[in-house]
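Structure record follows, encoded as structure tokens.
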Amino acid sequence: MAMNAVSPIVGPYRTAFGPDGDPPAHITVRGLCKEFQGDVIYQDFNLDIPRGKFSSIFGPNGCGKSTLINLISGLIPLDRGTILFGGKTLSETRIGYVFQNYREALFPWMSAFDNIRYALKLRKVPEPEATERVNRLVSRLGVKLDLTRYPYGMSGGQQQLVSIMRALVVEPEVLFLDEPFSALDYEMTLFMREQLQKIFEETGTTMVLVSHDLEEAVYLADYVLLLSRRPARIADFPHVPMARPRNDLTLADTGFVELKSHCLRIFQREVHR
Amino acid sequence: MTTLSRFDRYLPLVGVVGMIVVWYIGYWMRIVDPVLLPSPDATFAALWKGMTGGRLLYDFTQTVIRTFTAIAVASAIAIPLGIVLGSSERLYRSVEFVIDFFRSTPASAMFPLFLVIFGVGNATKIYVASFGAALVILFNVAYGVMNARKTRILAARVMGASRWQVMKDVVLMESLPQTFVGLRNGVSLALVIVVVAEMFIGSVDGLGFRVFEAQQLFDMPDMYAAIFAAGALGYGLNILFLLIEKSFVHWSGK
């Protein structure tokens, strides 16, 4: 099995997932190097992202949070290194990606429904089956939206929900989310967090979220990947053990608050380093 | 946008009525020689008579046919070419100067050259108008393709779209609003060139010819009527292309 070809990471962070390599790694990043206009962003970077878990990425501005998921999802090419998904290459893997800027990520010439179905069309799913699958996803997520509308006629939150559904409809093995709620107002952000949490519990898909909001990053995550200033290293990768579904009470939970301030300390240490 | 009140909707009429009032005053007070400025009613009577079965209608139709033929020829060449040039920024940059140069050259200055090449027939007028319009369309299509939102292209690519699918499903659609801007500017320019060309030697019909002939015959009501007909045509073409644009690219500007 190709999976065995991935060498284990030496050092403390692999064990952060728990004893005996549980949960197993889904995405393995080895020897990742990326320079951007002479700036070294990643230098021999190694990372395991656990399968079926929600990982958040948090770190100082410009440390390469979004760059990391863009490299993993193939949106930008790597200079060096290997990234595998359970031993498979990117082209053998179904991934979903949700952009920060939903306005520029959805296709305004298609209705919301067709936007979602387009992802299946690209996977060569015949149209009747594609329609059926979109309908199934809609009822499974309990989404109450008029999907015959065009994206520009919808609110920001609705558009981002359509974006997420477009990414989910192909039943991706991994879902990447690049600051998906940062263009939404606070009320909508809170609502969308709950939606995303529900979707995660519902699908159990491996999710990787880039966030600039520490509370959001910890609240949604099973594991919080804290990055240093560039060239980025893993500053910490703590487990968030709070039970799901999480709610407002979780935010006030002592364990949660402690973990959050632990992350904040690491973050500040890295910022001022 | 503020909602207009019931009366505000009629605000555009103020300018029209104002213009006619000033015109009447000028006419009655003999500010302008009545030979040069006929009364509004004489002008509109000539316009009405000409457009309802008169010669003006025929000339109007000829100009419309030429303008549409010109824009069709221009689109057939410029849209595919614009897509090809726009899909490679380096390719476009290498021909940009030539396009910009000829786009800035008044197409009317090319008319004598076209006369030499194509002769004094109908085709010359159409080709010179096509030439002007094609460069405007080409420029807009190429920019529409080049300025396709990167995020949308990435979104399609991350969903597994091939280069061809990205081109066909995303970039082409992305360039449509700009393409329509080009078509709208192109048709205005084509009309200008057609009307100018119709004033040249060898013309026997068209609005330009009508204006020119009425002027030669000192038939001022007819000349003004032809000018108004040309104005109405230009305005109408713009509205027509705006309507097509609205129904084709409903997402434009949203």
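The values are calculated or read from the model by the stated rules, or taken from the named source; none is laboratory data. Just so it is clear, the structure is predicted and the values come from calculations on it, not from any experiment. In this analysis, Cβ positions are derived from the backbone assuming ideal geometry, glycine residues included, and neighbour counts consider all displayed protein chains. For accessibility, only protein heavy atoms count, side chains too; no ligands or nucleic acids. Shrake-Rupley method; radii C 1.70, N 1.55, O 1.52, S 1.80 Å.
Table for the structure above
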| quantity | calculated |
| --- | --- |
| Matching residues, region A:135-171, being within 14 Å of chain B (Cβ to nearest Cβ) and among the β-branched types (Val, Ile, Thr) | A:Thr148, A:Val162, A:Ile164, A:Val169, A:Val170 |
| Only one of A:Val208, A:Val240 that is within 22 Å of A:Pro60 (Cβ to Cβ), surrounded by 19 or more Cβ atoms within 10 Å (Cβ to Cβ) and at pLDDT 95 or above | A:Val208 |
| Matching helices (runs of 4 or more DSSP H) fully within region B:91-172 where at least 3 residues are more than 25 Å from B:Thr63 (Cβ to Cβ) | B:122-146, B:150-158 |
| Among (1) in a helix (DSSP H, G or I); (2) in contact with a Leu (Cβ under 7 Å, 6 or more places away or on another chain); (3) open to solvent by 30 Å² or more (accessible area, probe 1.4 Å) - the single one B:Leu191 does not satisfy | (3) |
| A:Ser163 under 25 Å from A:Gln197 (Cα atoms) and without any contact (Cβ under 8 Å) to a residue 40 or more places away in the chain | no |
| Subset of region B:101-115 [out of contact with any helix residue (DSSP H, G or I) (no Cβ under 9 Å at 6 or more places or on another chain) and modelled with pLDDT under 90] | B:Ala109, B:Pro112 |
| Failed item, numbered, when A:Thr131 is tested on (1) under 25 Å from B:Leu176 (Cβ atoms); (2) in contact (Cβ under 8 Å) with a residue 12 or more places away in the chain; (3) more than 9 Å from chain B (Cβ to nearest Cβ); (4) more than 23 Å from the chain's Cα centre (by Cα) | (1) |
| Answer residue from region B:220-254, given it is among the charged types (D, E, K, R) and without any contact (Cβ under 8 Å) to a residue 24 or more places away in the chain and is nearest to the other protein chains (Cβ to nearest Cβ) among those | B:Lys254 |
| Restricting region A:110-123 to residues that are closer than 15 Å to B:Val166 by Cα and free of Cβ contacts under 8 Å to residues at least 40 places away in the same chain, the residue that is farthest from the other protein chains (Cβ to nearest Cβ) | A:Lys121 |
| Any hit, region A:194-212, residues being farther than 21 Å from A:Ser55 by Cβ and more than 14 Å from every other protein chain (Cβ to nearest Cβ) | no |
| The listed residue being within 21 Å of A:Arg140 (Cα to Cα), part of a helix (DSSP H, G or I) and open to solvent by 70 Å² or more (accessible area, probe 1.4 Å), out of A:Glu258, A:Glu202 | A:Glu202 |
| B:Ala76 aliphatic (A, V, I, L, M) and surrounded by 16 or more Cβ atoms within 10 Å (Cβ to Cβ) | no |
| Qualifying residue in region A:195-212 (condition: touching a helix residue (DSSP H, G or I) at 6+ places or on another chain (Cβ under 7 Å) and free of Cβ contacts under 8 Å to residues at least 24 places away in the same chain) | no |
| Filter pass, A:Ala232 being assigned to a loop (DSSP other than H, G, I, E, B) and without any contact (Cβ under 8 Å) to a residue 12 or more places away in the chain | no |
| Condition met for B:Phe200 (outside any helix (DSSP H, G or I), open to solvent by 70 Å² or more (accessible area, probe 1.4 Å) and more than 18 Å from B:Val128 (Cβ to Cβ)) | no |
| Only one of A:Phe36, A:Phe17, A:Phe54 that is of a type in the set (Phe, Trp, Tyr) and at pLDDT 95 or above | A:Phe54 |
| Test result for B:Leu176, touching a residue at least 12 places away in the same chain (Cβ under 8 Å), touching a Lys or Arg at 6+ places or on another chain (Cβ under 9 Å) and aliphatic (A, V, I, L, M) | no |
| Residue within region B:194-214 that is polar (S, T, N, Q) and over 20 Å from B:Ala133 (Cα atoms) present | yes |
| Check on B:Phe209, within 22 Å of B:Pro112 (Cα to Cα), in contact with a Ser or Thr (Cβ under 7 Å, 6 or more places away or on another chain) and either touching a residue at least 40 places away in the same chain (Cβ under 8 Å) or in a helix (DSSP H, G or I) (or both) | yes |
| Residue among B:Arg103, B:Arg9, B:Arg90 that is basic (Lys, Arg) and either on the phi > 0 side of the Ramachandran plot or under 22 Å from the mean Cα position of the chain (by Cα) (or both) | B:Arg103 |
| Tally of residues being closer than 18 Å to B:Ile227 by Cα and acidic (Asp, Glu) across region B:1-43 | 1 |
| Positions within region B:1-60 being open to solvent by 60 Å² or more (accessible area, probe 1.4 Å), not aliphatic (A, V, I, L, M) and not in a helix (DSSP H, G or I), in sequence order | B:Thr2, B:Thr3, B:Arg6, B:Phe7, B:Arg30, B:Asp33, B:Thr52, B:Gly53 |
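Here is a yes/no grid of residues against (1) surrounded by fewer than 20 Cβ atoms within 10 Å (Cβ to Cβ); (2) within 14 Å of chain A (Cβ to nearest Cβ); (3) hydrophobic (A, V, I, L, M, F, W, C):
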position	(1), (2), (3)
B:Leu113	yes, no, yes
B:Phe131	no, no, yes
B:Leu138	no, no, yes
B:Val141	no, no, yes
B:Ser162	yes, yes, no
B:Lys168	yes, yes, no
B:Val171	no, yes, yes
